[in-house]
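Contents: one structure, followed by commentary.
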Amino acid sequence: MWGKVLGFCFGFMFGRFVGALLGLYLGHMFDRSLKQDFDKAGGFSGLFKGDDINERQALFFSSCFAVMGHIAKSNGRVSETHIKAASVFMNEMGLSGDERREAQDAFRSGKEADFSLKETVHDFKERFARRHDLLQLFLEIQIQMAFSDGHLAEQEKQLLHEVSKQLGISRTQFSFLLKRYQAEFAFRQQQQRFYEQQNQQHSTHNEQQGHRVPPNNSMNRAQALALLGLSNDASARDIKVAYRKLMAQHHPDKLVSQGLPKHMMEVAVKKSQDIQAAYEYLKKAA
């Protein structure tokens, strides 16, 4: 409204009636632009609903574990592997006491027959609608849970696709995230084998004789490119662009400021480290 009023007044001062009409039109366009920005920020409801960071973090926390529990039971029962994966995830977050019990309660709620995946994801999307990086990380965490046993069952894939669809993530982007995590999972498995070999060699050091060949910890080019979501014919520029984009999406401090619980920052840190490792390998191999 004020854009029209001011536009009309200034237009009239400099161009009489013709100027007033032009000023009115420009003011209308200005008001329209402001309204669009205001609506994107949540409109008047956004001023009164209180978009508190603690509330957002609590919602991310509870929704994340509830959906994890639901996906874990997609095959009819929760396997020991999924239970262990959820426990390891809680350990990585440093959860203990009441916080760990809250995570366990949320995980169990997702396993209940009356759990509404659609309602839970809808409420989550409503609160984080303008934070695409957090929506994507939420889906990546669910992919991590489903892939914890190294295999993605058809029921799990269908649920993940349903979650991605409700979050507004396209099928193409979903396939991209799935392939990226498969490469990430393979890399972490390789790292785990490396550390196990390293520990074994260290424990038997006094019993071995002669020259010891250290285990191979380097990734290959195909694996590094897959981790960055690139094909084998990617150029140096493609690699740099993908690296910068992924690092920006998984920057821990930025995600926490948007509503990621601080306990879950370790998830973003690990993903950033994997992305960095892949990029460093490709730079050296170039």
Provide the net charge surrounding residue 112, with neighbours chosen by a C-beta distance below 12 Å and charges set as Lys +1, Arg +1, Asp -1, Glu -1. +1
For every other residue with a beta carbon closer than 13 angstrom to the beta carbon of residue 239, add +1 if it is Lys or Arg and -1 if Asp or Glu, then tell me the sum. +4
With a 1.4 Å probe and every protein chain left in place, tell me how much accessible area residue 92 has, in Å² to the nearest 10. 70 Å²
Cα-centred dipole magnitude for the stretch 120-184, charges only on beta-carbon of K, R (+1) and D, E (-1), debye, nearest 20: 320 debye
Cross-link pairs beyond the 19 Å C-alpha cut-off, checked among 179/283; 125/271; 165/271; 245/271: 179/283; 125/271; 165/271
Checking rank on 112-122, 239-249, with mean other Cβ inside 10 Å and highest first, the result is 239-249, 112-122
Taking the Cα centre as origin and putting +1 on Lys and Arg beta-carbons and -1 on Asp and Glu beta-carbons, what dipole magnitude results for the stretch 45-199, to the nearest 20 debye? 440 debye
Would you mind counting up the charge near residue 65? Only other residues with Cβ under 12 Å from its Cβ, with Lys and Arg at +1 and Asp and Glu at -1. +1
With every protein chain in place, the accessible area of residue 98 for a 1.4 Å probe, in Å² rounded to the nearest 10, comes to 100 Å²
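The values are calculated or read from the model by the stated rules, or taken from the named source; none is laboratory data. Since the model is a prediction, treat every value here as computed from it, not as a measurement. Note that we place each Cβ from the backbone using ideal geometry, even for glycine, and neighbour counts take in every protein chain shown. Heads up: the accessible areas ignore ligands, DNA and RNA and are worked out on the full protein's heavy atoms, side chains in. Shrake-Rupley method; radii C 1.70, N 1.55, O 1.52, S 1.80 Å.
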